[in-house]
Each structure stands twice: as C-alpha cells, then as structure tokens.
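Undergrad: This is the structure I have questions about; it appears just below.
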Amino acid sequence: ETKYVYLLMLLLACMVSSYISAAYCKKIWVRVCIKRNIIRPYLQPIVNNEGNIIGAEVLARWITKKGQVLPPHVFIPYIESKHLTSLLTCSLMTQVYQSQLMVVSKHLKLSFNLTERCLFDESIYKASLLLAPKFELVLEFTESAPFSNAHVKARMEKFHQNGMFFALDDYGTGYSAPYYLTDYDFDYLKIDRCFIEQIEHNPKSIHVVESVVRLAQKLQLSVISEGVETEKQKQMLDQWGIKQYQGYYFYKPMSVESFMDIYRSH
Ligand code: C2E
Ligand code: CA
Ligand code: CA
Ligand code: CA
C-alpha cells in the first residue's frame, strides 16, 4: 500500500512542478513578446470642438502571427498580475519614439496608461524624457490603481518639473473618490464612458456629468470626454463647456500608420 502512496505523491509532485514551470514559461514568453514589439501602440485621436485632431491616447494591441489584433482586456490583466506593466509601457513609449509620429510638426497631445508602479520605473522616466520635448505628454492613471503614499506626490512633482502632465482616468468609476483630486496634482480629468453613454436618455447622468464638469472647472482641470458615440452626445457636452473629446463618433483606435494617413489628409 505504501508503494501506491509514494507513486501518488510522485505523480502529484510531477503535476505541481510542470504546472509551475508552465506558468514560468508563459511569463518568459510574454516578456519576450513585449521585447519583440508584438504588442503595438494603437492611437485613438483626441479632438477639439471643431473635430480637429489635437492628440491621441496610446492603447496597447497584441498583434498575432496571423495579423489578428487583440484588445487589451485579453492580455493586460495577465501583464499587470505578473508586474510586466512597466516593461510594456516602456516598449510602447519606445515604439512611439521610433515611429513616424516624431516627424509630425504640430505639438500633439499624447497620452499613455500607467500604473502607480510605472511612476517609479527609471526606464519609463527616461522614455518620458525623450517624448516630452516633442509632445504634450500626458500620463493617465485610474483611480483603481491605489495612490498610497507621499512618494507618489514627490514623484509626480518630478515629472511635472520636466513638462509632463497627469490625467485621472475613468473618473467616477472604481474607487471613485474626489480625494484624488484634492491630494494629487492632476492636470486632466477623463470622464468615463459609462456616464456619457447615458446622457441622452438618463437625466440623472446629465446631472452627474454637469457637476463633474463644474468641479473640474473650479479645480482648473481640463476635461476630456471619453466614449462619445453620437452627434447628440457631442452637442450636449459642447454646451457644458467640454473642449476635448475621444470616441467612436470621431475615430476608433488605429495603427500609427493609419493615424499618420488620417492626420496628413486632415
Ligand atoms: P481606457 O484607458 O479607458 O481606454 C479607453 C477605452 O475605451 C479603449 O478601449 C477605447 O478603444 C475605448 N473607447 C474609446 N472610445 C469609445 C467609444 O466611443 N465607444 C466604446 N464602446 N469604446 C470606446 P481599449 O483599447 O479596449 O482599452 C481598454 C482598457 O485597457 C483601457 O481603458 C486601459 O485601461 C487598458 N489599456 C489599454 N492600453 C493600455 C496600456 O498600454 N497600458 C495599460 N496599463 N493599460 C492599457
Ligand atoms: Ca486611458
Ligand atoms: Ca478611460
Ligand atoms: Ca476605461
């Protein structure tokens, strides 16, 4: 009988070790993919009231061997869980730095999605320094990435001193707390799509968006409205004094090449 127990234990040990090594291999594989630029920067234009492109948000896309374009929800959670977010952000910044975007003469706004940890990553800091003279560089944070300590404030200050800007992303969702606005030095506020989506039909969300806009004006924050999908939404937002938009009504995220084509013919 002990023979069977040993055999079972051996089998179990094999299963556990192969599971661990498979997980380990996956992490290495993803790391290699990031380093080989398999994950590319896509750009969603940010426009002004007249619909002119004034900048773009950089959104990650995984390009498969067959040319399929995978959206972030497929791979970002894994990358974040394995603490590869800084490596990815740095790769996206570097790819932008090496792209055609650098020859655009206009001073475009360019925003990246960061986690708190990225702020302390020296390679991201260096990549930001390369981009900051060329673009109005905006670093977007979500409220769900916990802002925990005084180091964050000091670090933000350092980026600010080098001409970079900060946006509080997805405002009004997640760990929604106006506390972030009073305690941290943000320049932009991005109203989440979930509110914009409802303004045409739900008077309550009209009040929410209006009050967010008023709050932002009082705090001297610029507002970017995300997820604008209809003419009506754009008109309503115009009325409330919003000046910057992002959404499918204007443009969907696109490759750098497509962005350049549109931008040139604009
Ligand atoms: P996000 O930062 O809130 O980015 C905006 C998302 O809304 C993008 O989805 C964009 O395609 C989508 N969107 C923009 N306008 C519209 C619209 O009019 N209608 C609809 N239905 N959707 C619209 P995407 O590209 O799938 O990205 C999802 C999320 O993944 C992002 O949300 C961001 O949190 C995360 N993400 C993307 N790229 C990166 C990255 O490089 N680093 C990190 N850490 N996160 C990223
Ligand atoms: Ca964002
Ligand atoms: Ca957002
Ligand atoms: Ca979002």
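The values are calculated or read from the model by the stated rules, or taken from the named source; none is laboratory data. Since the model is a prediction, treat every value here as computed from it, not as a measurement. FYI the Cβ positions are ideal-geometry reconstructions off the backbone, even for glycines, and counts take in every protein chain you see.
Undergrad: If you scan the stretch 113-147, which residues turn out to be modelled with pLDDT of 95 or more, among the aliphatic types (A, V, I, L, M) and buried (at least 18 other Cβ atoms within 10 Å of the Cβ)?
TA: Ile124, Ala127, Leu131, Leu137, Val138, Leu139
Undergrad: Follow-up. For the stretch 81-130, enumerate the residues that are of a type in the set (Lys, Arg) and in contact (Cβ under 8 Å) with a residue 24 or more places away in the chain.
TA: Matches in the stretch 81-130: Lys82, Lys109, Arg117.
Undergrad: Let me ask something else. Filter the stretch 1-47 down to residues that are assigned to a helix (DSSP H, G or I) and among the aromatic types (Phe, Trp, Tyr) and give me whichever is farthest from Lys190 (Cα to Cα).
TA: Tyr4
Undergrad: Next question. Of all residues being in contact with a helix residue (DSSP H, G or I) (Cβ under 7 Å, 6 or more places away or on another chain) and among the charged types (D, E, K, R) in the stretch 189-226, which is nearest to Thr142 (Cα to Cα)? Just the residue, please.
TA: Step by step, filter the stretch 189-226, then rank; the result is Glu226.
Undergrad: If you don't mind, there's one more thing I want to ask. Would you be able to say whether some residue in the stretch 186-194 is hydroxyl-bearing (Ser, Thr, Tyr) and loosely packed, with under 15 Cβ neighbours inside 10 Å?
TA: no
Undergrad: Out of the residues in the stretch 108-125 meeting the condition of being outside any loop (DSSP other than H, G, I, E, B) and in contact with a Cys (Cβ under 8 Å, 6 or more places away or on another chain), tell me which one is farthest from ligand 3 (Cβ to nearest atom).
TA: By that ranking, first place goes to Ser123.
Undergrad: Go through Lys243, Lys218 for me and flag whichever is away from ligand 2 (no atom under 16 Å from the Cβ), in contact (Cβ under 8 Å) with a residue 60 or more places away in the chain and under 30 Å from Arg155 (Cα atoms).
TA: After ruling out the rest, the residue left standing is Lys243.
Undergrad: Report yes if some residue within the stretch 80-95 is closer than 23 Å to Phe195 by Cα, within 16 Å of ligand 4 (Cβ to nearest atom) and within 13 Å of the chain's Cα centre (by Cα); otherwise report no.
TA: no
Undergrad: Please state which one of Ser128, Ser105 is within 30 Å of Asn52 (Cβ to Cβ) and part of a loop (DSSP other than H, G, I, E, B).
TA: Ser105
Undergrad: Okay, moving on. Which numbered condition in (1) in a helix (DSSP H, G or I); (2) within 16 Å of ligand 3 (Cβ to nearest atom); (3) under 24 Å from Arg264 (Cβ atoms) is the only one that Val96 fails?
TA: (2)
Residue by residue, here is whether (1) within 16 Å of ligand 4 (Cβ to nearest atom); (2) closer than 23 Å to Phe112 by Cα; (3) modelled with pLDDT of 90 or more holds:
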position	(1), (2), (3)
Asn149	no, yes, no
Glu157	no, yes, yes
His160	no, yes, yes
Ile196	yes, yes, yes
Ala216	no, yes, yes
Ser225	yes, yes, yes
Glu231	no, no, yes
Asp238	no, no, yes
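Undergrad: Considering only the stretch 82-109, how many residues are more than 16 Å from ligand 2 (Cβ to nearest atom) and closer than 15 Å to Trp29 by Cα?
TA: 4
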